[in-house]
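The structure under discussion appears below in the form of structure tokens.
The values are calculated or read from the model by the stated rules, or taken from the named source; none is laboratory data. Keep in mind that this is a model prediction, so the values were computed, not measured. Here Cβ is always computed from backbone atoms with ideal geometry, including for glycine, and neighbour counts include all displayed protein chains.
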Amino acid sequence: MSAVLRQHAEQEYAHELAELSQQDKRQRPANWKLSPWAVVTYLVGGKLDNGFEVTPKYIGSRRLMEIAVATLATDRALLLLGVPGTAKSWVSEHLAAAISGDSTMLVQGTAGTGEESIRYGWNYARLLAEGPSMQALVATPVMRAMQDGKIARLEELTRIPADVQDTLITLLSEKTMPVPELNTEVQAVKGFNMIATANDRDRGVNELSSALKRRFNTVVLPLPDTIEDEVDIVKRRVDSLGKALEIPAEKPPLEEIRRVVTIFRELRSGTTVDGKTKVKSPSGTLSSAEAISVVSNGLVMAGHFGDGNLHANDIAASLVGAVVKDPVQDRLIWLEYLETVVKERDGWKDLYRACREISE
Amino acid sequence: MPITVFGIRHHGPGSSRSLVAALENLKPDAILVEGPPDGADVLALAGKEKMHPPVAMLIYRPEEPGQAVFYPFTIFSPEWQAVQYGLRNQIPVRFMDLPQAVQLAQRAALAEEMARKLEAGEELEAPAVEEKTEPEEVEVQQDPLGYLARAAGFEDGERWWEYLVEGRKENRAGIFEAVLEMMTALREERDASGEVPPLVEQQREASMRQIIRDAEKDGFENIAVVCGAWHAPALVKMPAKKADADLLKGLPKVKVAATWIPWTNDRLATSSGYGAGVRSPGWYAHLWENPEDAVVQWMARAARLLREEDLEASAAHVIEAVRLAETLAMMRGRPMPGLDELNEASRSVFCYGSDLPMRIIARRLVVGEVLGTVPDETPLMPFHQDLQRLQNALRLKPEATARTLELDLRNSKNSLDLDRSHLLHRLTLLEIPWGRLGSTYGKGTFREVWTLEWKPELAVAVMEAARWGNTVEDAAVQWARAEAKQTHSLAALTELIDLAILADLDAVTGDLVTRLQSLSALSSDVSELMSSLPGLVGVMRYGNVRKSEVEQIGPVVDGLVTRICVGLAPACSGLADEAARDMFTQLNNTDKAIRLLAMDEHTSEWTGAIRKVAENCNTPLLQGRAARILLDNKDDQPEDTARRMGLALSRGTLPEVAGAWVEGFLHGSGLLLVYDETLWGLINGWLAGVTDEAFIQLLPLLRRTFSTFPAGERKQISLRFSHHSGATQTEEIYDSGQVEQMLPLLEKLLGLNDEKSVSDGQ
């Protein structure tokens, strides 16, 4: 089992879930493995009464997680929105793992997702041999979640074509999936609900119809609030990634991570951290996920081509690449930022020079 | 018991409801309410029909209206309800507190002392007592019930109050006893820690007690005392009368006046900076009006509001939002959803997680856009009084007939003229067009000519302006600040800075410059950046700005120049004819401004940017200009320019493109054609080389270019062309043609023949 590249949340954190389930004395909604309170604790971390430490999965506002869990406890579905790299799928996976103990009821939305991957398909060999019957029907993750009373997950909802999206309406409001071919239906068992994720930036791809929108409560996952939070996130992920990829470099100094995060935050928010100067924002999203990849990239550079320690010039290349997505507009913005902010800052001369070299 | 003390929560609807019930139960014969005794004269106005809260009682010093205190009241303020109860039932109502006459005098004395020390260069000791206290302590005293509520895990004092107090329907009178008990405990804890309450607090409470004693002396037998919960214990346990009298003896006093002014919910909110404000006046008003099913009503109102804005919000949404809010409250262990739960549910259900519609809800519901009204017989506004005072002091009587006023701003003996100019500029800013500035002589001169005419409708403008502040200066500062917030155009902001300097609004110039900085950083329109630069440089070089502002403007100008230089080349490329013409003007003005600045760093940056344009730009007009700028500033050697021109006019280039280049290069002055053999040769060669057809196309363009030259230059050039055989310069100087073309100027100088010279000049 340990040979798999990445374990499911319910496997990786099985001990935490078991401990929580034991300690949790609060009322659980039907077919939930944990009470809403315990689900929130699993996500944001905390100390249990017996001193057991639950690690935080989501670093950010507890209130947001409360809204998300409260939504799943009502009969509305949950829509997680956010720019790329704000941990939407991550939260969705852990929510499903904590509530149903199973995060695998997953449908990946693409432009090619058809109705049969959301409702049901047919085993044609059987269909031809035996005629239409329940045995010839191929259940989708959504259908199985309905039958078992679990949480179904739908990734990238807005990439699914609009006509396919609309099959969700009956499913979510009447909690039933009609199978007209067999003159029957599959009714959802208590505990069934759905978590969909969608990308803020791609809202225009396949905008949800207002009828479907109404079936979802929306929770927007923001970019990290404070620089400390973000540095913490980046550090944790870079450390664990570095271990997984066996990069032959020293751990990145906190100072370098802080610099990268500072640049990302400043460009994203349009103001310098001291709040004194405004800067323009480039077209890229500059999420924490990208900060993570900039730092790990730098580590690889330092490990294989440098002296094993992370320096400004190891970071510069991937930093410029992450910021400048549009070769004309973003480049101007980046140069302006370099000249007006980075150049002036104490102790940033090395970074300025390294970036300048690459940007010219 | 002849005296009953009701400790209330300022602006708390829960307190209000309990208080009204308790008063009806008690049926007092006199009501004492915490509030400024100075306002006794206008208190009765509160009962008038046209008085609708939110309103504020304004206590101010008639000589210095800038020093003023507001006492805001809302419909759900317990104080307001107590006053209303008294007026309705013809029961005498009195305010009790340390009079503002005293408090304002103290404040003035403190300010004077600070100023004196500052002048004497003494070190400022730790400022007044209030600032020494920890924020938490201030919070305990201002809103002790809210503090206790938060200690109990509630985010909102109202909810806690409702949960604890309103829940119990029976035995309402006991509530105030319980509050009294809690406050006594809180105060005892403080006293036990050995902390001495601030002097102001001691004086205020002593003063309240004295007023209670007076009421007793006046023969009232059943007195209701309404005060902030924090003070309640101090009014129950009466110390010796003598001690209080000693505390209040010999306090300085100033003359004050009181009036009512309309107030807004917006300014009641804590976010407006009002210290004792509430976070969500609209929500409280809602709680006051709908005590029964606040949650459902609230969501229904939110849905209606969103629908008015053409956003989707159906009845089904309302149901879902209420359910989510209640589930959230349950998860958090609350008996009922509070404002936080309601907001979170609204955001998730109505707004699909977006903040924008939430802002509508925050503005229109949580804060509420309500403006109060006051009756007509309310006394005059302090702004108007300040204006009258200034008019007297500066000997500028408002007169109905227009008259001219000449001001000499240099007059060093007294600053009368300068002050007058400031006043008139400020009034102009505030859209009170009493004086019109006649022809200006530009910034450098020190004379202003105003035409003054007071029209009756200006009174309305004065009323309008009064909402900005209590003095003319204050109002103008606020106005400029608001204007700066609204404007998004750099040029307008630069103009505003100029006006603010003319009106001597030091307080705001810094803010304007900061705003300018942030606007300029965000603007991606290089031509807009360029349009604001000359104005700013002008302010820096010529304005009568103080040093501090020049220091502030400096970095902005630095930033502007850097941004312009970074973005210049892309901004100059691919422009249509008209846009190119605009940019052409900007290019010239910016160049002038940067030369005026004469800072090496900027000049070299600018030269670099211009060089890029000259090298590599597909708008020939601007490319030509850039080449010219480089030549004029000796950044290019003549041979460089010759190379550029040769390139631009080479055979491969379309004639109209080359024509535009020539126009850009030569615009304004062509004298160098006369003296530079190489350039002249190039242009000559190019013109001779174009086909007849192309020449006809080029003709209007060339005519336009050459018509910008002064007449003399044109003649010289035409001579040069007519002698294109390559005569040397020395010969030409003695050419009779040259002498001839000097004649018109001589005639003009000597006044021999006016008409001829004019026609020549056209």
Fill in the blank from the handout: Taking region A:331-360 and the residues there that are within 12 Å of another protein chain (Cβ to nearest Cβ) and of a type in the set (Asp, Glu), the one that is surrounded by the most Cβ atoms within 10 Å (Cβ to Cβ) would be A:Glu336
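Residue-by-condition table, conditions (1) buried (at least 22 other Cβ atoms within 10 Å of the Cβ); (2) among the β-branched types (Val, Ile, Thr); (3) in a helix (DSSP H, G or I):
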{"position": "B:Val5", "(1), (2), (3)": "yes, yes, no"}
{"position": "B:Ala46", "(1), (2), (3)": "no, no, yes"}
{"position": "B:Phe76", "(1), (2), (3)": "yes, no, no"}
{"position": "B:Gly86", "(1), (2), (3)": "yes, no, yes"}
{"position": "B:Ala101", "(1), (2), (3)": "no, no, yes"}
Problem - The one condition in (1) surrounded by fewer than 22 Cβ atoms within 10 Å (Cβ to Cβ); (2) in a helix (DSSP H, G or I); (3) modelled with pLDDT of 80 or more that B:Arg436 fails to fulfil - result: (2)
Fill in the blank from the handout: All conditions in (1) among the β-branched types (Val, Ile, Thr); (2) surrounded by 19 or more Cβ atoms within 10 Å (Cβ to Cβ); (3) not in a helix (DSSP H, G or I) are true of A:Thr158 except (3)
Practice task
Look at region A:64-89 and say how many of its residues are closer than 18 Å to A:Leu17 by Cα and at pLDDT below 90.
Solution key: 0
Exercise for the section: Starting from region B:204-228, keep only residues that are crowded, with 21+ Cβ neighbours inside 10 Å, then list their pairs with residues that are small (Gly, Ala, Ser) and not in a strand (DSSP E or B) whose Cβ atoms are within a distance under 7 Å, requiring at least 6 positions of separation or different chains. Expected result: B:Glu205/B:Ala234; B:Ile223/B:Ala215; B:Val226/B:Ala82
Completion exercise
If we ask which residues in region A:11-26 are assigned to a helix (DSSP H, G or I) and within 10 Å of A:Ala38 (Cα to Cα), their number turns out to be 4
Exercise for the section: Being surrounded by 13 or more Cβ atoms within 10 Å (Cβ to Cβ), touching a strand residue (DSSP E or B) at 6+ places or on another chain (Cβ under 7 Å), at negative phi and more than 14 Å from every other protein chain (Cβ to nearest Cβ) narrows it down to one of A:Val238, A:Val186, so name that one. Expected result: A:Val186
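Here is a yes/no grid of residues against (1) more than 40 Å from the chain's Cα centre (by Cα); (2) more than 8 Å from chain A (Cβ to nearest Cβ); (3) not in a helix (DSSP H, G or I):
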{"position": "B:Ala313", "(1), (2), (3)": "no, yes, yes"}
{"position": "B:Gly333", "(1), (2), (3)": "yes, yes, yes"}
{"position": "B:Ser348", "(1), (2), (3)": "no, no, no"}
{"position": "B:Tyr352", "(1), (2), (3)": "no, no, yes"}
Completion exercise
Just one listed residue, out of A:Ala289, A:Ala249, A:Ala211, A:Ala196, is touching a residue at least 12 places away in the same chain (Cβ under 8 Å), under 30 Å from A:Val4 (Cα atoms) and within 14 Å of another protein chain (Cβ to nearest Cβ), and it is A:Ala196
Handout entry: 2 or more residues of a type in the set (Asp, Glu): qualifying helices (runs of 4 or more DSSP H) within region B:525-636
Key = B:547-572, B:577-597, B:600-615
Exercise for the section: Check region B:357-369 and report whether any residue there is within 14 Å of chain A (Cβ to nearest Cβ), in contact (Cβ under 8 Å) with a residue 12 or more places away in the chain and within 30 Å of A:Arg215 (Cα to Cα). Expected result: yes
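Listed here are the residues, each with its yes/no results for (1) in contact with a His (Cβ under 6 Å, 6 or more places away or on another chain); (2) away from every other protein chain (no Cβ under 14 Å); (3) assigned to a helix (DSSP H, G or I); (4) farther than 22 Å from A:Met194 by Cβ.
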| residue | (1), (2), (3), (4) |
| --- | --- |
| A:Thr41 | no, no, yes, yes |
| A:Gly51 | no, yes, no, yes |
| A:Ile59 | no, yes, no, yes |
| A:Leu72 | no, no, yes, no |
| A:Leu78 | no, no, no, no |
| A:Gly85 | no, yes, no, yes |
| A:Ser89 | no, yes, yes, no |
Practice task
Please name all residue pairs, on different chains or six or more residues apart, with Cβ atoms under 9 Å, provided the first residue is in region A:320-347 and is closer than 23 Å to B:Asp558 by Cβ and aromatic (Phe, Trp, Tyr) and the second residue is at pLDDT 85 or above and assigned to a loop (DSSP other than H, G, I, E, B).
Solution key: A:Trp334/A:Pro282; A:Trp334/A:Val324; A:Tyr337/A:Pro282
Practice task
Considering only region B:675-762, give the helices (runs of 4 or more DSSP H) lying wholly within it that have at least 3 residues that are at pLDDT 70 or above.
Solution key: B:677-689, B:692-706, B:711-722, B:736-750
Handout entry: Check on B:Arg301, within 14 Å of chain A (Cβ to nearest Cβ) and buried (at least 17 other Cβ atoms within 10 Å of the Cβ)
Key = no
